[in-house]
Structure formats: C-alpha cells, structure tokens
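Student: Handing you a structure now.
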Amino acid sequence: MADFQTGYQTFNTYYLSIYFWYQTPVKTTQTRLFQAALFFALAGDFLLLFTETNSVFFQMGIGAFLVTQVLYAVVFSKDLPPNRRTFIRRNLWITLIFLAYQVVLIGLIFDRLGELFIPVIVYSSAILIMVLSAINRFGHVSSSSFKWVAAGAILFMISDSLLAIQKFYQAFPLASFWVMLTYISAQYLIVIGWLKNKETAL
C-alpha cells in the first residue's frame with residue numbers, strides 16, 4: 001500500500017512538472033529554478049519507492065527534497081523587491097512560532113535519530129526557511145498567489161513532520177495516506193499558486 005501511495009506521489013509530481021513546463025513558455029531564471037525544484041522533488045519521490053530495499057534510498061530521497069526546499073526558497077525570494085524591509089522582518093513572531101514548532105518536533109524524535117541528527121537539523125532548517133520565504137511574499141504578489149503558495153509551503157512542512165513522526169517516533173493509523181495527501185496538496189498549491197501571480201502580472 002505504501003509503495004502504491006509513493007508511486008502516486010511520483011506520478012503527481014511528474015504531472016505537475018510537465019504542467020508547469022507548458023504553463024511557462026518563456027523560460028526565465030526563476031522558472032528554471034522552479035522547474036529544477038520539481039525535478040528534485042520527482043527524484044525524491046522516486047528514490048523513496050526503494051526505501052524498503054535499502055535505507056540509503058531514504059537518505060538520498062531526503063537529500064533530493066532538501067535541494068527542492070532550497071530551490072523553492074530561492075524562487076520565492078526572487079518575488080521580493082530589493083532593499084525593502086520584508087514582511088517577516090516586520091513580524092518576527094511568525095519566525096518564532098515556526099521555529100518553536102520545529103524545535104518541539106525534533107525534541108520528540110531526538111532519541112531515535114542517532115547519526116541522522118545533523119541531516120535532520122539541516123533539512124528542518126531548509127524547510128523552515130522555505131516556509132518563511134513563502135510567507136515573506138505577502139504584499140509583493142497577488143493575494144491569491146500568496147495564500148496558495150503559503151498554504152502549500154505549510155502543508156509541505158506538515159507532510160514532512162508526519163513522515164518524521166511515522167519513521168522516527170511512532171506509527172499511526174493511515175500514516176502513509178496522510179503523508180501522501182498533505183504532500184500532494186502542498187505541491188499542487190505551490191505550483192498553481194505561483195503560476196497565479198504570473199498570470200496576474202500578464
């Protein structure tokens with residue numbers, strides 16, 4: 001069942017990647033970075049299909065998703081005008097809330113991480129930056145684009161949190177389903193939301 005769900009995630013990411021490619025006929029640095037983010041997400045999905053064969057595939061998959069998070073953060077940051085006091089800088093409490101969330105999560109799974117502690121810290125930092133970069137677009141992009149992308153980024157964080165809890169803390173009912181649902185929804189919201197701002201710009 002888990003393999004089927006991971007396979008469906010892979011198909012969904014592949015579809016979104018193709019859709020994004022055709023929806024951005026004019027290739028800019030930003031669209032290429034976005035396309036690269038989807039490519040690494042697709043690679044991560046594919047690698048996770050083989051985690052039951054060898055645990056190294058899980059680590060490689062998470063590595064691919066780490067690149068996705070970094071690229072998303074760069075893409076979102078490019079939506080901001082230069083030399084402006086950004087939304088996050090004016091509202092540092094938002095950063096503190098998400099940082100506290102990540103600290104609590106890592107504290108929950110800390111005893112089970114072992115040698116993966118540093119990689120998990122690096123990955124959780126990357127997704128935190130990605131979420132804050134998405135929220136930082138507030139006021140600089142269309143309202144609908146901001147809402148969709150921010151919601152997608154937060155869902156991405158939730159999906160990764162569920163995966164971490166399932167793998168390192170305790171399995172829970174329908175864990176793979178909820179991880180899949182939140183992940184697919186996250187990617188859909190991010191892609192469609194970002195494209196909405198480009199449509200508005202036109």
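Student: So what J values fall out for region 25-42 if you push phi through Karplus, 6.51 cos²θ - 1.76 cosθ + 1.60 with θ = phi - 60°, rounded to Hz, Gly and Pro as x?
Tutor: Each residue's phi maps through the Karplus curve to give x, 8, 8, 10, 4, 5, 5, 5, 5, 5, 4, 5, 4, 5, 4, 5, 5, 5 Hz.
Student: Also, I was wondering about something else. Determine ³J(HN,Hα), in whole Hz, for all residues of region 51-64 in sequence, where each value follows from phi through the Karplus function 6.51 cos²θ - 1.76 cosθ + 1.60 and θ = phi - 60°; x replaces Gly and Pro.
Tutor: For region 51-64, the Karplus-derived couplings read 5, 6, 6, 7, 5, 5, 5, 5, 5, 5, x, 5, x, 5 Hz, x marking Gly and Pro.
Student: A follow-up question, please. Between the helical axis of 143-168 and the dominant principal axis of the chain, each derived from Cα atoms, what acute angle in degrees is found, rounded to the nearest 10?
Tutor: 10
Student: When the Karplus curve 6.51 cos²θ - 1.76 cosθ + 1.60 is applied with θ = phi - 60°, which whole-Hz ³J(HN,Hα) does each residue of region 188-197 get, with x for Gly and Pro?
Tutor: 4, 5, 5, 5, 5, x, 5, 5, 4, 5
Student: Still on this structure, please answer the following. Lysines near Lys147 by alpha-carbon distance under 21 Å, same-chain residues fewer than 8 away left out - which ones?
Tutor: Lys78, Lys196, Lys198
Student: Quick one: pull the percent of accessible area on region 1-159 belonging to carbon and sulfur, 1.4 Å probe, ligands and nucleic acids left out. Before the final figure, lay out the partial values.
Tutor: Values: 5870 of 8560 Å².
C and S fraction of accessible area: 69 percent.
Student: In deg cm²/dmol and to the nearest 500, what is the mean residue ellipticity at 222 nm of the chain if only DSSP H runs of at least 4 residues count, each as -39500 (n - 2.57), divided by the residue total? Kindly include the intermediate steps, with their values, before the conclusion.
Tutor: Details: 8 runs with 162 residues, N = 202.
Calculated at 222 nm, the ellipticity per residue is -27500 deg cm²/dmol.
Student: Given a 1.4 angstrom probe, what's the average accessible area per residue across the chain, in square angstrom?
Tutor: 53
Student: For Cα extents along the principal axes in Å, the listed values are (i) 83, 47, 20; (ii) 47, 38, 26; (iii) 49, 37, 29; which was obtained by calculation from the structure presented?
Tutor: Here the calculated entry is (ii).
The values are calculated or read from the model by the stated rules, or taken from the named source; none is laboratory data. These numbers come from a predicted model, not from an experiment. What goes into the accessible areas is simple: the full protein's heavy atoms, side chains included, and nothing from ligands, DNA or RNA. Shrake-Rupley method; radii C 1.70, N 1.55, O 1.52, S 1.80 Å.
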